[in-house]
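Presented below is the structure to which this report refers.
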């Protein structure tokens, strides 16, 4: 892909049906759960997302001694552990690029091993916090530390398995710390109780983790801010189909809102495991019409108006909403998302900078933004190597000429074919068959 991509505005509102790829969040959880299920005849993981983040996870599992078979023509993956140690390798050096889920989940996973493991990533990963997860592992009998002593990767884990017991963990930085611990807890020597201190960000992702664990046969008792996991030492084998990615779907629902068109995303319903399907409710509050049926969600654009919204539980769609807000009547305020400053980039600061670059008025505060629409104009958009910056700012180009996305290839992190699928909106009757 070129290092710059100009988004050509649509000449008329789209009327399209879209099928987005599998959920990254569910894929990386499913890979961990399937790896721990063991045996020589695992179930199939179907609908697996093929992207930078998921391939990083797959390669790490191979480095740890798991056998992973991939059939990318059918998006099916099988993971083999076999009998014996929960982590086949007794030492490994894992590189996770800038995949936060991989770093957090793998740090927890290797705690079940017997040996020494080191995890590192790109320069931005070395700025992303992980100290709270390591502190919790320490309470469960594992030696884990940050190599540079700054609370960020590289991470070193020396372990003789997870002892179990009780651990306290902060919940206000990343829900992935808790999710990683939850998934490995059934393999501790004794039962595990995890107690969350303070507020919990992105709670739907924790609910997703628990629902998937139960599908694999784990026993999890949930109380207020407390999780008790039985040390059953097993997950059952099962076939599992991964849902389409709701965060990816948000861009197409937003496209309908921005252009006044109609877009259906197939395969996501009100029964989804993913909290980000709630993004359609936010669009509804702004003036869009949402149709819900067994095929998926359809969004029809309408007369948009600004809103004041707490997006803590659907923070991966903050950038999508910011693009929509530029076309609303009146200001939109997004609140309670301070934790997205620790993502692939400081997303609040980056959003403020790039929205101002195209002409919007943006007031940035500690945990959010207020976006006041102004006449917009073309500009070259810095993406900060953040896939969500590239995809969300491209939406503005559906209406505003001259929007150029720099480093568009960064979308490979979660949605390699995003720009191809976005281009399909040009034909009102085009139905995405990818």
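The values are calculated or read from the model by the stated rules, or taken from the named source; none is laboratory data. All values derive from a computational prediction rather than experimental measurement. Cβ atoms come from the backbone with ideal geometry, glycine included; neighbour counts cover every protein chain shown.
Worth pointing out:
- Selection from the stretch 387-420 of residues that are surrounded by fewer than 20 Cβ atoms within 10 Å (Cβ to Cβ) and over 23 Å from residue 360 (Cα atoms): 409, 412, 416, 417, 419, 420
- The stretch 39-51 - residue that is surrounded by fewer than 19 Cβ atoms within 10 Å (Cβ to Cβ) and on the phi < 0 side of the Ramachandran plot and, of those, nearest to the chain's Cα centre (by Cα): 50
- Annotation: of all residues in the stretch 216-229 being more than 14 Å from residue 166 (Cβ to Cβ) and surrounded by fewer than 16 Cβ atoms within 10 Å (Cβ to Cβ), the one that is modelled with the lowest pLDDT is 224.
- Among the residues of the stretch 174-215, those that are in a loop (DSSP other than H, G, I, E, B) and crowded, with 21+ Cβ neighbours inside 10 Å comprise 174, 188, 201, 202.
- Residue list for the stretch 145-166, filter: more than 25 Å from the chain's Cα centre (by Cα) and closer than 22 Å to residue 205 by Cβ: 162
- Qualifying residue in the stretch 65-75 (condition: over 24 Å from the mean Cα position of the chain (by Cα), part of a loop (DSSP other than H, G, I, E, B) and in contact (Cβ under 8 Å) with a residue 60 or more places away in the chain): no
- Remark: residue 80 falls outside the filter, which requires a residue to be surrounded by fewer than 22 Cβ atoms within 10 Å (Cβ to Cβ) and touching a helix residue (DSSP H, G or I) at 6+ places or on another chain (Cβ under 6 Å).
- Failed item in (1) surrounded by fewer than 22 Cβ atoms within 10 Å (Cβ to Cβ); (2) out of contact with any strand residue (DSSP E or B) (no Cβ under 7 Å at 6 or more places or on another chain), with residue 36 passing the rest: (1)
- Residue check for residue 313: free of Cβ contacts under 8 Å to residues at least 60 places away in the same chain, within 19 Å of the chain's Cα centre (by Cα) and more than 21 Å from residue 255 (Cβ to Cβ): no
- The set of residues in the stretch 15-33 being in a loop (DSSP other than H, G, I, E, B) and buried (at least 24 other Cβ atoms within 10 Å of the Cβ) consists of 20, 21, 23.
- Scanning the stretch 122-157 for residues that are part of a strand (DSSP E or B), surrounded by 15 or more Cβ atoms within 10 Å (Cβ to Cβ) and touching a residue at least 12 places away in the same chain (Cβ under 8 Å) yields a count of 5.
- Within the stretch 287-310, the set of residues being over 15 Å from residue 249 (Cβ atoms) and either crowded, with 24+ Cβ neighbours inside 10 Å or outside the structural domain of residue 255 (by TED's automatic domain parsing) (or both) comprises just one member, 301.
- All conditions in (1) more than 25 Å from residue 416 (Cβ to Cβ); (2) outside any helix (DSSP H, G or I); (3) assigned by TED's automatic domain parsing to the domain that holds residue 372 hold for residue 281, with the sole exception of (2).
- Those residues of the stretch 95-121 which are part of a strand (DSSP E or B) and surrounded by fewer than 24 Cβ atoms within 10 Å (Cβ to Cβ), in sequence order: 95, 114, 115, 116, 118, 120
- Criterion (farther than 16 Å from residue 15 by Cα and touching a residue at least 24 places away in the same chain (Cβ under 8 Å)) met by exactly one of 279, 252: 279
- Hits in the stretch 363-380 - residues which are crowded, with 17+ Cβ neighbours inside 10 Å and closer than 23 Å to residue 6 by Cβ: 373, 376, 378, 379
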